[in-house]
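Only one structure is covered here, and it is reproduced in the block below.
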Amino acid sequence: MVFLIVSIFPKLFVIELLFFIMGKILGIIGGGQLGMMLTEAANNMPTEISNIIVLDPTKNCPASKVGAEQIVADFKNASAIKELADKCDIITYEIESGDSQVLKSLEQTCEINPSPETLEIIQDKLIQKKFLTKNDIPVAEFREITSKEELESKINEFGLPVLLKTRTGAYDGRGNFKISDLDQIPEALEVFEGQSLMIEKFVDFKMEVSVIASRSTSGEIKTYPLVENIHKDNILNMTIAPARVNKIISKNAEKIAHKTMEVLCGAGVFGIEMFVTNDSQVLINEIAPRVHNSGHHTLQSSETSQFEQHLRAILGLELGSTELIHNTIMYNILGPRDFTGLYKSPSIDLENTFLKMYGKLESKPQRKIGHINLVDKDDLGMDQLLERVNIVSNSIKIIPE
Ligand code: AMP
């Protein structure tokens, strides 16, 4: 049969036809919890996706436990990324630190979404902020910093406090130093010695929020409703969906997210983190070119999860509904501070409470090892839901095995 088709049609057409019939092979750079939930969503789309391969340095990573094949190698290992591209029809990522130069060189071999060009804009916070400003998208005032004199002069211009930030490779607030006093300048510069830096005016925000936005390869854009993010020690503690703000603010944030997706031209799901200032302005803090922790509520709150949406977007399928069907709070389960090692996986048997553990073998202090979604199917209201989160989170004990 294949021989007959090949003899009639050109080879490229036949390959595309076979992919269409058999489903695509999906490659994911990163096989942690986000890669795991992407794999689970892909498992539910057997017609479109026939196989999933993840690249991750940790043997038996979470994605491999739910059916993904794994290439065990560092995320930046060029030959491993090439191997992934050779084996897959389409590559995406669950982390933003992939090597955009290597990915660029593979675009002829394999479809890559979001594109390495989009990734490159996002990977460097300074380039990202310049790009947003150029497109009239509101952000906190910022400047590049290349010397102590420049830092002093910009602090003079902005006033204290400011945040000194590393331009690349930072996460969970690790690349930030708040300078509240001129005496802290030498220490701040020493902490980040040798790294490219920028400063930002300190935003006196009343709330941190985010929009999970998606853009498909065909250009269709959809945003999920604005959610509120509460951090503890710079790590997301819980997400409240929807955010407790008035409609003007939420519509404005969703409009800003929509515009961001238009100008970025990337395909996939993006997590757009924002501040709501005390005078109700909305400013973008940063963009993640991937599914996002603050979108985990969509697994139960919405018709289409952010993971399915991401796959729909990169496969060029029509995007799913982003309507919030039930108000939901997502609570992150972190490894306790007092031990590292094997742990007993917790369980919860409560109505409308969904526990998702990520199958990580070891607990480490402050490591994300699972989350809970509390879904307000009985219309209790946000205050009661928050009380329930408190009770449920206190009942979860991560203890050594
Ligand atoms: P980032 O690493 O940029 O995502 O920032 C981590 C956290 O630092 C954010 O969630 C905010 O709580 C805080 N932050 C970042 N930038 C600013 C800013 N310009 N003003 C005030 N807080 C900030």
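The values are calculated or read from the model by the stated rules, or taken from the named source; none is laboratory data. Since the structure is predicted, the reported quantities are computational estimates derived from the model, not experimental observations. Here Cβ is always computed from backbone atoms with ideal geometry, including for glycine, and neighbour counts include all displayed protein chains.
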Practice prompt. Would you check if THR304 is touching a strand residue (DSSP E or B) at 6+ places or on another chain (Cβ under 8 Å) and either assigned by TED's automatic domain parsing to the domain that holds ASN390 or buried (at least 18 other Cβ atoms within 10 Å of the Cβ) (or both)?
Written response: no
Worksheet item: Picking from ILE121, ILE127, ILE155, which residue would you name as being over 30 Å from ASP89 (Cα atoms) and either within 13 Å of the ligand (Cβ to nearest atom) or modelled with pLDDT of 95 or more (or both)?
Response: ILE155
Worksheet item: Within the bounds of segment 87-95, is there any residue that is touching a residue at least 40 places away in the same chain (Cβ under 8 Å), among the hydroxyl-bearing types (Ser, Thr, Tyr) and either over 26 Å from PHE192 (Cα atoms) or in the same structural domain as GLY295 (by TED's automatic domain parsing) (or both)?
Response: yes
Discussion item. Take ILE325 and tell me if it is β-branched (Val, Ile, Thr), without any contact (Cβ under 8 Å) to a residue 40 or more places away in the chain and under 29 Å from PRO46 (Cβ atoms).
Written reply: yes
Discussion item. It is to be established whether one or more residues within segment 77-84 are at pLDDT 95 or above, under 26 Å from ASN293 (Cα atoms) and touching a Lys or Arg at 6+ places or on another chain (Cβ under 7 Å).
Written reply: no
Practice prompt. Mind listing whichever residues of segment 194-210 are more than 10 Å from the ligand (Cβ to nearest atom) and among the charged types (D, E, K, R)?
Written response: LYS206
Worksheet item: What number of residues within segment 211-244 satisfy the criterion of being surrounded by fewer than 19 Cβ atoms within 10 Å (Cβ to Cβ), within 14 Å of the ligand (Cβ to nearest atom) and aliphatic (A, V, I, L, M)?
Response: 2
Item to complete: Filter segment 65-87 down to the residues that are of a type in the set (Gly, Ala, Ser) and touching a helix residue (DSSP H, G or I) at 6+ places or on another chain (Cβ under 8 Å), then identify the one that is farthest from THR109 (Cα to Cα).
Response: GLY67
